[in-house]
Amino acid sequence: MSLKNFIWRTLSVSLLSCIFASGPANAAMSSASLAKTTHEQSNGISYWMDSTFSNKKIHILQIDLTNPKISLRASTNNERGMTPSEFAAKSGALAVINGDFFDAYKKPIGLAIGEGQIWPGTADTKEWSFLACDDDNDCFIEPYNKVSAPNPNWTTVVGGWQILLDPDFEWKNENDLECADFCATQHPRTVIGLNDDRTILWLVVVEGRQGNLTGLSLANTTRVMKQLGATWALNLDGGGSSGLVLNGKLVNGRPFNEPFERRVSNCLGVVSRP
């Protein structure tokens with residue numbers, strides 16, 4: 001999603017009185033939301049389709065951060081503008097999702113670090129948050145409304161807007177309505193989350209813009225992350241940018257109006273340690 005379109009959407013002040021016409025915000029919550037059809041991958045990666053909401057396609061990757069055989073790898077500045085599939089092929093990653101929102105030059109908005117190198121011209125701001133990890137898979141998601149200086153131990157940083165969960169904050173329906181279209185409309189989404197002791201990382205992609213197959217609002221995306229057990233959750237770039245690659249294959253369907261993978265600013269991958 002371009003910076004111009006993102007700002008236009010987030011600054012919209014229209015009241016969306018009928019935005020949930022497709023059903024109440026908590027409609028279709030399934031009692032079997034945690035039921036899994038799990039395909040165990042090597043190195044502590046599990047994949048399944050979440051069923052929190054009926055008639056949705058929500059792809060879940062659960063990463064065991066205590067597994068010594070894997071590490072996290074974000075795109076470097078020299079790798080900007082790749083599709084998730086291209087980045088997976090180049091890096092040899094077991095799994096990849098798209099990362100930051102970006103400007104017209106494919107530069108991430110907010111702080112970005114790949115292989116320990118800060119992207120030129122990127123920095124954290126109060127409006128943005130990020131996932132940061134060191135080489136030991138010690139990861140955290142920056143809390144709501146904070147500004148952090150880069151830590152020299154961080155090897156991987158990808159960011160986004162909006163923070164959905166932290167121990168003192170939860171994105172809710174009223175936040176959707178204040179934000180308007182970008183938040184309240186059911187869009188494809190890419191989200192990351194951490195559990196309480198930060199030993200589990202979730203990579204989540206919600207499909208949408210495929211006829212009757214719609215995405216989720218941010219409030220409902222927050223519900224999915226809470227069902228998974230996340231204490232922290234962050235919304236990354238979504239819409240046509242959303243992509244999840246597993247074992248070299250794109251697993252999510254594409255929007256009807258954009259059938260091919262979008263070239264994005266950066267990606268987040270799970271790679272095998274040498």
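Cβ-Cβ distances below 6 Å connect the following pairs, each with a first residue in region 199-215 that is over 22 Å from Cys183 (Cβ atoms) and in contact (Cβ under 8 Å) with a residue 24 or more places away in the chain, a second residue that is outside any strand (DSSP E or B) and open to solvent by 30 Å² or more (accessible area, probe 1.4 Å), and a separation of six or more residues or different chains: Thr199/Thr66.
Give the residue that is surrounded by the most Cβ atoms within 10 Å (Cβ to Cβ), with candidates limited to residues of region 262-274 that are part of a loop (DSSP other than H, G, I, E, B) and touching a Gly at 6+ places or on another chain (Cβ under 6 Å). I'd like the intermediate steps shown before the answer.
Step one: list which residues in region 262-274 are part of a loop (DSSP other than H, G, I, E, B), which gives 262-266, 273-274.
From what is left, the residues that are touching a Gly at 6+ places or on another chain (Cβ under 6 Å) are 262-263, 266.
Values: Arg262: 17, Arg263: 15, Asn266: 30.
Selected residue: Asn266.
Selection of region 198-230 for residues being β-branched (Val, Ile, Thr), open to solvent by less than 30 Å² (accessible area, probe 1.4 Å) and either closer than 17 Å to Ser265 by Cβ or in a loop (DSSP other than H, G, I, E, B) (or both) yields only Val205. Considering only residues in region 23-71 that are polar (S, T, N, Q), out of contact with any Ser or Thr (no Cβ under 7 Å at 6 or more places or on another chain) and outside any strand (DSSP E or B), the one that is modelled with the lowest pLDDT turns out to be Ser31. Among the criteria (1) part of a strand (DSSP E or B); (2) touching a residue at least 60 places away in the same chain (Cβ under 8 Å), the one Asn137 does not fulfil is (1). Scanning region 233-252 for residues being open to solvent by 40 Å² or more (accessible area, probe 1.4 Å) and either of a type in the set (S, T, N, Q) or under 14 Å from the mean Cα position of the chain (by Cα) (or both) gives a total of 1. Considering region 108-133, and only residues there that are in contact (Cβ under 8 Å) with a residue 60 or more places away in the chain and under 17 Å from the mean Cα position of the chain (by Cα), the residue that is surrounded by the fewest Cβ atoms within 10 Å (Cβ to Cβ) turns out to be Ile109.
The values are calculated or read from the model by the stated rules, or taken from the named source; none is laboratory data. The shown structure was predicted, so the numbers you read here are calculated from the model rather than taken from an experiment. Here the Cβ is made from the backbone with ideal geometry for all residues, glycine too, and neighbour counts use every protein chain on show. The accessibility values were calculated without ligands, DNA or RNA, using every heavy atom of the protein model including side chains. Shrake-Rupley method; radii C 1.70, N 1.55, O 1.52, S 1.80 Å.
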